[in-house]
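The structure appears right after this line, and notes come after that.
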Amino acid sequence: MRATPIAATAVAGLLLLTACDDAESDGKRTGATPSPDGVSMEAGPASVAPAAGDIGEVPVSFTVQGATCTLNGFPEVRLAGAGDPATAEVPPAEGATAQKLTLAEGESASFTLTYERGTRRQGGFDAENLHVGVDCGTGGGGTRIFPWSYGPVAADGRAGYKVSVSAYQRMGD
């Protein structure tokens, strides 16, 4: 019967499309983002800070799908407000030490963004998107944008915010 190959093709196409549309209904990004530049990236699931003063963590992981990727330093991370007019750069965590990692095709690494939930009334940054840049040193990597649904990030009292990023860590060893 000819319907079977057509149905199988349709199902395969649907799975491919859903692999690229990985936002859950609550706006949290959990699946890997397809990439033309050799790195797939995933943000979450997060340990959400439920109330002002609480600490939350958003893990970000990625897998090399092309040429070797050499990471040196810290990931480039920033939070962006509605329409990206305002941004908040995310500095390295206090005491974090960057390490140089070389990842071959199929290998993965991760880092964690840690934040304190704040309020708008107390100067918190009302983020809408999380921008993550990974530079493989060979032109590979790129920047991905994930929705931020974890509430405002607390102000630190010094014209910054209580948010930081860890160093890259190799996964799966």
> Considering the stretch 105-117 alone, what residues qualify as being under 14 Å from residue 61 (Cβ atoms) and either over 19 Å from the mean Cα position of the chain (by Cα) or assigned to a strand (DSSP E or B) (or both)?
Replying inline: 108, 109, 110, 111, 112, 113
> Name the residues in the stretch 118-173 that are open to solvent by 80 Å² or more (accessible area, probe 1.4 Å) and either basic (Lys, Arg) or not in a strand (DSSP E or B) (or both), would you?
Replying inline: 120, 121, 122, 128, 138, 158, 159, 162, 170, 172, 173
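Can you find a residue in the stretch 5-22 that is at pLDDT below 50 and in contact with a Phe, Trp or Tyr (Cβ under 6 Å, 6 or more places away or on another chain)?
No, the stretch 5-22 contains no residue that is at pLDDT below 50 and in contact with a Phe, Trp or Tyr (Cβ under 6 Å, 6 or more places away or on another chain).
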> Within the stretch 74-94, can you find the residues that are within 23 Å of residue 109 (Cα to Cα) and in contact (Cβ under 8 Å) with a residue 40 or more places away in the chain?
Replying inline: 74, 75, 76, 77, 78, 79, 90, 91, 92, 93, 94
> Exactly one of (1) surrounded by fewer than 16 Cβ atoms within 10 Å (Cβ to Cβ); (2) of a type in the set (A, V, I, L, M, F, W, C); (3) in contact (Cβ under 8 Å) with a residue 60 or more places away in the chain is unmet by residue 104. Its number?
Replying inline: (3)
> Here are some conditions: (1) at pLDDT 90 or above; (2) out of contact with any His (no Cβ under 7 Å at 6 or more places or on another chain); (3) surrounded by 14 or more Cβ atoms within 10 Å (Cβ to Cβ). Residue 95 meets all but one. Which one does it not meet?
Replying inline: (3)
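The values are calculated or read from the model by the stated rules, or taken from the named source; none is laboratory data. Computed from a predicted model, the values in this text were never measured in an experiment. Heads up, the Cβs are rebuilt from the backbone with ideal geometry, glycines too, and the neighbour counts pull from every protein chain shown. The protein model used for the area step is the full one, side chains on, heavy atoms only, and it has no ligands, DNA or RNA in it. Shrake-Rupley method; radii C 1.70, N 1.55, O 1.52, S 1.80 Å.
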